[in-house]
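Remarks on the structure that follows.
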Amino acid sequence: MSVTILGIESSCDDTGAAVIRDGILLSNVLASQKVHEEYGGVVPELASRAHQQNIVPVVDTALKRAGIDKSELSAVAFTRGPGLLGSLLVGTSFAKGLSLGLRIPMVDVNHLHGHVLSHFVREAEGDPVPEFPFICLLISGGNSQIILVNGYNDMKVLGQTIDDAAGEAFDKCAKVMGLPYPGGPHIDRLAAEGNPERFKFAKPRIPGLDYSFSGLKTSFLYTLRDAIRLNPDFIEENKADLAASLQATIIEILLDKLRKAVKQTGVRTVAIGGGVSANSGVRAAVEQYCLRNNLTPFIPKRSFTTDNAAMVAMAGYFKFLNNEFCPYDAAPYARVTI
């Protein structure tokens, strides 16, 4: 008998719904919120209100594109956390209502698990997926982690940021440069036109496999501050080189710890996930590193890097097969680890 999972994602400012049947993706729908751009960051109250407006049409569209009726669903999976509580409450409440109405079980998903398991989303039979164990470099606006993945429910954090995440460094440095929110994609675009060797920024010396990006942000800020005193047009005249140098520094920091993790574990498969894994420089650097060292890389499609419901449905599918269901009194959580 087929297993059909509806996944719901509402952890931040994107409302997503996806349908997976027997591990194959049938639909993946996402409604983004443009209202936050003028504020330079996500406004939690506006985000939760937009989720309330979007969730019904997004779920309806996902079911229609999948070509199924809601009565065919085996379970509903939803992001329980981490994320913005107001946004998570919308998805959690909708999932509970749908579960009760259809009398199907409910599966709660750790958002970070979803990013790791996005590599198992298949759009057709025969699509390659990683073999366990593998190393996953999870990099987003809120997380920078190196994870040893021994199974869908067996993950160990080998290293993580002790302050800021890589995505936060991209966005905040972009904001200092006067670039629109979110800044990461703009840095990526400008970096393609710039010289990555032009400027040197501080790189942290953190022991083990942990990350730190606060020092880099401070170094970037001071570089701009001192240069603007001499030339008020410094940023505008050097945007591409600044972006390229910043991106190269972040990539170097990420790859340094990734190399150490691979050496320490002996694992031969490397995957990346999270919003920053959409960055062109990061994707190319990880792929080249793997090819040079005879490692197997898994670079996700860009549609599976940022927040999406396909990864939630995939994580929910694994939990459903293991009869890991969620009680109705479960509340969302803003913070949690792997």
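Some points to look at:
- Neighbour cut-off at most 16 other Cβ (10 Å), DSSP loop, trypsin sites (Lys or Arg not before Pro), the stretch 254-329: Arg268, Lys301
- Using the 1.4 Å probe convention, the accessible area of the stretch 203-324 works out to 45 Å² per residue with neighbouring protein chains retained.
- DSSP-assigned coil residues among trypsin sites (Lys or Arg not before Pro) in the stretch 121-227, each with at most 15 further Cβ atoms within 10 Å: Arg198, Lys200, Arg205
- Note on Lys156 and Arg229: their simple-model spin labels are 4.9 nm apart, each label 7 Å out from Cα toward Cβ.
- The number of Lys pairs in the stretch 174-299 with C-alpha atoms less than 14 Å apart, excluding pairs fewer than 8 positions apart on the same chain, is 5.
- Relative packing of 239-250, 10-21, 125-136, which averages over residues the other C-beta atoms within 10 Å, highest first: 10-21, 239-250, 125-136
- Computed over the chain with a Gaussian network model linking Cα atoms closer than 10 Å, the most mobile of Leu209, Leu112, Leu88 is Leu209.
- Among beta bridges identified by DSSP and lying wholly in the chain, the antiparallel ones come to about 60 percent.
- Listed values [x] 33, 22, 20; [y] 36, 23, 16; [z] 42, 23, 17, entry calculated as semi-axes √(5λ) of the Cα gyration tensor in Å: [y]
- Looking at the stretch 189-273, the GluC sites (Glu not before Pro) that sit in a DSSP loop and have at most 13 other Cβ atoms within 10 Å of their own Cβ are Glu193, Glu197.
- Cα centroid of the stretch 110-161 to Cα centroid of the stretch 193-258, whole Å: 28 Å
- Note on the stretch 9-163: with neighbouring protein chains present and a 1.4 Å probe, carbon and sulfur make up 49 percent of its accessible heavy-atom surface.
- Rounded to the nearest 500, the 222 nm mean residue ellipticity of the chain from helices alone is -14000 deg cm²/dmol, with -39,500 (n - 2.57) taken per DSSP H run of at least 4 residues.
The values are calculated or read from the model by the stated rules, or taken from the named source; none is laboratory data. Owing to the predicted nature of the structure, the values given are computational and were not obtained by experimental measurement. Don't worry about glycine lacking a Cβ; one is built from the backbone with ideal geometry, like all the others, and counts go over all protein chains shown. For the accessible areas, the whole protein counts, side chains as well, though only heavy atoms, and no ligand, DNA or RNA atoms are used. Shrake-Rupley method; radii C 1.70, N 1.55, O 1.52, S 1.80 Å.
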